[in-house]
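Okay, structure first, notes after.
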Amino acid sequence: MILVSGCLLGISCRYDGTSRPCENLQDFIRGQGPVVPVCPEQLGGLPTPRPPAALVGGDGFDVLAGRARVIRVRDGVDVTAAFLAGAKECVRLVKLLKLDRAVMKSRSPSCGLGRLTGVAAAALLMEGLDLIEI
């Protein structure tokens, strides 16, 4: 089984109510076993659509450590608790289903990797998951 950001599978769960289906993803996940779609922001209790949010003061690792926050861009509302709850739920699913790999959406304050790692991605990396960003 493999955990996959739901928006990459065509689920309309992005902040703006859209998805970002990835044609190459189907080829990649074929043969990986069942797919477990997730949206950490929805799992954390945020609605869809929702105002965009950004990491402030660091990356997802910093949010997990309490050194950074997740703030809604337009009105400055702190949504850190929802992002932490969603990350925690992703980790719970990974442990429950004994997953060891995930495909995450790039440039997301939840799922992104690389230059600015998202909150859920950081939590999954800390659990030892092999993460791939698309």
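The values are calculated or read from the model by the stated rules, or taken from the named source; none is laboratory data. If you're wondering where the values come from, they're calculated on a predicted model, not measured in any experiment. Every residue, glycine as well, gets a Cβ built from its backbone with ideal geometry; the counts of neighbours run over all protein chains shown.
Tabulated data for the structure shown
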{"quantity": "Flag for L99 being of a type in the set (A, V, I, L, M), surrounded by fewer than 24 Cβ atoms within 10 Å (Cβ to Cβ) and touching a helix residue (DSSP H, G or I) at 6+ places or on another chain (Cβ under 8 Å)", "calculated": "yes"}
{"quantity": "Candidates L3, L25, filtered to the one that is within 25 Å of K95 (Cα to Cα), touching a residue at least 24 places away in the same chain (Cβ under 8 Å), assigned to a helix (DSSP H, G or I) and touching a strand residue (DSSP E or B) at 6+ places or on another chain (Cβ under 7 Å)", "calculated": "L25"}
{"quantity": "Matching residues in segment 71-97 - criterion: being in contact (Cβ under 8 Å) with a residue 12 or more places away in the chain and among the basic types (K, R)", "calculated": "R72, R74, K88, K95"}
{"quantity": "Cross-chain or 6+ apart pairs with Cβ under 8 Å, segment 49-66 first and without any contact (Cβ under 8 Å) to a residue 40 or more places away in the chain, then in a strand (DSSP E or B)", "calculated": "P51/R72; P52/R72; V56/R69; V56/V70; V56/I71; G57/R69; D62/L55"}
{"quantity": "Boolean, R30 is touching a Pro at 6+ places or on another chain (Cβ under 9 Å) and either surrounded by fewer than 18 Cβ atoms within 10 Å (Cβ to Cβ) or basic (K, R) (or both)", "calculated": "no"}
{"quantity": "Meets criteria (of a type in the set (K, R) and crowded, with 22+ Cβ neighbours inside 10 Å) for K105", "calculated": "yes"}
{"quantity": "Scope segment 89-120; condition in a helix (DSSP H, G or I) and at pLDDT below 95; matching residues", "calculated": "G114, R115, L116"}
{"quantity": "So V63, is it under 17 Å from L125 (Cβ atoms), touching a strand residue (DSSP E or B) at 6+ places or on another chain (Cβ under 9 Å) and either crowded, with 19+ Cβ neighbours inside 10 Å or not small (G, A, S) (or both)", "calculated": "yes"}
{"quantity": "Out of G86, G45, sole residue that is under 14 Å from the mean Cα position of the chain (by Cα) and not in a loop (DSSP other than H, G, I, E, B)", "calculated": "G86"}
{"quantity": "Given (1) more than 11 Å from the chain's Cα centre (by Cα); (2) under 14 Å from S5 (Cα atoms), index of the condition A120 fails", "calculated": "(1)"}
{"quantity": "Leading residue by the ranking (nearest to G57 (Cα to Cα)) among those in segment 74-110 that are among the hydrophobic types (A, V, I, L, M, F, W, C) and in contact with a Ser or Thr (Cβ under 9 Å, 6 or more places away or on another chain)", "calculated": "F83"}
